[in-house]
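To start, the structure under review is shown below, and the notes come after it.
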Amino acid sequence: MRKLLFLLIVAISVAVGMTSCKAWRTISTSATYTQVGDSTKTTTTITTKTVEEYQGVKKN
């Protein structure tokens, strides 16, 4: 009985795994700005990070 249950779980996992997939992409950007005045120099850095998630479906 345990073998049958185990095989059923494995079969369902394989079936679900073959029908769709997920992928993630991380995009990081950075920009540095420098402002120079008469007696001062100011540097500013802006950093952004975007994570995109894609859900794919297998086509027949």
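The values are calculated or read from the model by the stated rules, or taken from the named source; none is laboratory data. Since the model is a prediction, treat every value here as computed from it, not as a measurement. Note: areas computed on protein heavy atoms with side chains; ligands, DNA, RNA excluded. Shrake-Rupley method; radii C 1.70, N 1.55, O 1.52, S 1.80 Å.
Taking into account only those residues within region 32-46 that are polar (S, T, N, Q) and open to solvent by 90 Å² or more (accessible area, probe 1.4 Å), which is farthest from residue 21 (Cα to Cα)?
Step by step, filter region 32-46, then rank; the result is 39.
How many residues, within region 21-60, are more than 17 Å from the chain's Cα centre (by Cα) and not hydrophobic (A, V, I, L, M, F, W, C)?
18
Confirm whether residue 49 is modelled with pLDDT under 95 and open to solvent by 100 Å² or more (accessible area, probe 1.4 Å).
no
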